[in-house]
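As structure tokens, the structure follows; a few thoughts come after it.
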């Protein structure tokens, strides 16, 4: 799994959540809500939590964004991109399964042969 945070989303976290260099944002699975990848669950975030066992992380502008190892099941092999939606003025979570893309490419190669 890879974790991507767009520049616009980082700005949103800085402005709306008031995080800055040295702070953290933890993304986690929570019961309830909706998601295209896990029925009955959704994703939440919590600022300034100390990681226990980091499963994946990225640092942008000195802010560490991460997912605990215990929550990796939620993503089911999908990469997570946190982006900013201009229309709603909120962040959005986008999921991309790199394994699906690889499988599609393999099928295309087989058809060419």
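How much length is gained on full extension from residue 76 to residue 58, taking 0.36 nm per residue of separation minus their Cα-Cα distance? Please report the intermediate quantities before stating the final value.
Values: separation 18, 0.36 × 18 = 6.48 nm, distance 1.89 nm.
This chain segment gains 4.6 nm when fully extended.
At full extension, residue 7 and residue 83 could sit 26.6 nm farther apart than now, given 0.36 nm per residue minus the alpha carbon distance.
Where is the GNM fluctuation largest for the chain (alpha-carbon springs, 10 angstrom cutoff): 57, 34, 42? Most flexible of the set in this elastic network: 34.
Across the chain, Cα pairs under 8 Å and at least six residues apart give a relative contact order of 28 percent.
Arranged from fewest to most other beta-carbon atoms within 10 Å of their beta carbon, 24, 53 become 53, 24. From its DSSP helices (H runs of at least four residues, each -39,500 (n - 2.57)), the chain gives a residue-normalised ellipticity at 222 nm of -5500 deg cm²/dmol. The ranking of 3, 72, 80 from fewest to most other beta carbons within 10 Å of each one's beta carbon is 72, 3, 80. Listing 73, 12 from fewest to most neighbouring C-beta atoms within 10 Å gives 73, 12. Two decimals, Cα atoms only, Kirkwood Rh: what is Rg/Rh over the chain? Value, to two decimals: 1.04.
Taken together, the values in this text are just the output of simple stated rules run on the coordinates, not laboratory data. Just so it is clear, the structure is predicted and the values come from calculations on it, not from any experiment. Backbone-built Cβ (ideal geometry, glycine too); neighbour counts: all protein chains shown.
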